[in-house]
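Below: one structure, written as structure tokens.
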Amino acid sequence: MLTCVLLAVLTTVTHAHVRLLYQDLTIRNAASEGASGKFSTNGPCGGAKTWAQNGVNAVKAGSTLTLKIAYNGGHKSPDNAFKLAMVCGKPGDDSGLRHNADPKPNDFGVAPVDASDSSTAGYDLSFVVPEPGAGADGNLCTVAALDQRNWGGCVDLDISPSVQAPPPTVPGAPALAPTSPPTAGIVVLPSLTGTYALNGNETCDSDSPNCCCLSGSLAVEHQASADEASATFTVLANTECTPMLASEKVDMKLTRISDKVKGLKGQVSFGNQNFEVGVFDEGLLTMANIADAPFVCSAEVTMSSLIAGGGDEGANTATEARIATGALLLPLLAALLAY
């Protein structure tokens, strides 16, 4: 029992500090394909060391991409600066992206960006995608934005050449008409109606020193295909917070993240804390504290789509019915076992 307690304590003492913000590129350490990355200090990819573990971004050489990276509050320092780093060949870990890597990663010739003010809104680092590299998997690359301590986040790219080689011609055959590459359509957004419960330590992400955990719920009202939704966030009082967090109900609006993403985003403020909120169709709620002086931890809730009510207007009712049925059957089962 003592060992279990010690392990539980040890898992809560690491505090995270930087994250990539979603900019139409899937982020490796994000909880969903359309979510911003998690706050982390665990290397250039925020602790996610497996290539493409959250998907791959298909991009074309010659296109301009932008990574946006941010601190959470309270990290102002004249030493803060973010830079870009890229390695190719489907790298198996993040070692080639670090400042002390040999050979040095490709920085695209982009100068480091001053981040001394520790902005929670983020810093933009833009670069032109190079041609695919030679050799096996030379087109499979990882690009990271990282600070002077190798704290960062990364995206995985599958790079296609800027000029596609024409197909071989057959003498006497008619010339083929040029074709345009297929365009990505708008992803249909299902209903994300549902109530997401925050259960203190169970859903807490300790990403600020001595932060306290949130308890409460987010109730979302959303029609399928709608680009906006209304929501109410209920905060439960927490005397362990310094200063104390009082009970409060806050109405908020959510808007669609992107045509590519089945998700909504918004911001909510309470107790002098500001949170970026994301709701996704896989039954995921993310809450990142972006306050200048955070004392409440970020949070993440994952549940089945039936519990969240995503995509199926009868989902919540069906779930409640199953819960009620289970409540009736449990005493009967207990009696049978006792008999």
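The values are calculated or read from the model by the stated rules, or taken from the named source; none is laboratory data. Note that the structure is predicted; figures quoted are calculated from it, not measured. Positions of Cβ are backbone-derived with ideal geometry, glycine not excepted, and every protein chain shown enters the neighbour counts.
Given the criteria small (G, A, S) and touching a residue at least 40 places away in the same chain (Cβ under 8 Å), does S208 qualify? Judged against the criteria, S208 is a match. Scoring T203 on the criteria (1) in contact with an Asp or Glu (Cβ under 7 Å, 6 or more places away or on another chain); (2) at pLDDT 95 or above leaves a single failure, condition (2). Quick check: is even one residue across region 217-226 in contact with a helix residue (DSSP H, G or I) (Cβ under 9 Å, 6 or more places away or on another chain) and either at positive phi or of a type outside the set (S, T, N, Q) (or both)? Yes. Could you tell me whether V13 is closer than 29 Å to L285 by Cα, of a type outside the set (K, R), outside any loop (DSSP other than H, G, I, E, B) and modelled with pLDDT under 95? Taking the combined requirement at face value, the residue does not satisfy it. Filtering region 36-72 to residues that are part of a strand (DSSP E or B), at pLDDT 95 or above and polar (S, T, N, Q) leaves N57, T64, T66.
Tally up the residues in region 240-260 that are at pLDDT 95 or above and either polar (S, T, N, Q) or within 23 Å of the chain's Cα centre (by Cα) (or both), please. So the count comes out to 7.
Report, ordered by the first and then the second residue, all pairs with beta carbons closer than 8 Å, sequence separation of six or more or different chains, a first member in region 262-275 that is without any contact (Cβ under 8 Å) to a residue 60 or more places away in the chain, and a second member that is of a type in the set (S, T, Y). Listed pairs, sorted by first residue: K265/T255; G266/T255; F275/S269; F275/S298. Note on region 73-104: residues that are part of a loop (DSSP other than H, G, I, E, B) and either over 23 Å from Q148 (Cβ atoms) or in the same structural domain as C297 (by TED's automatic domain parsing) (or both) amount to 3.
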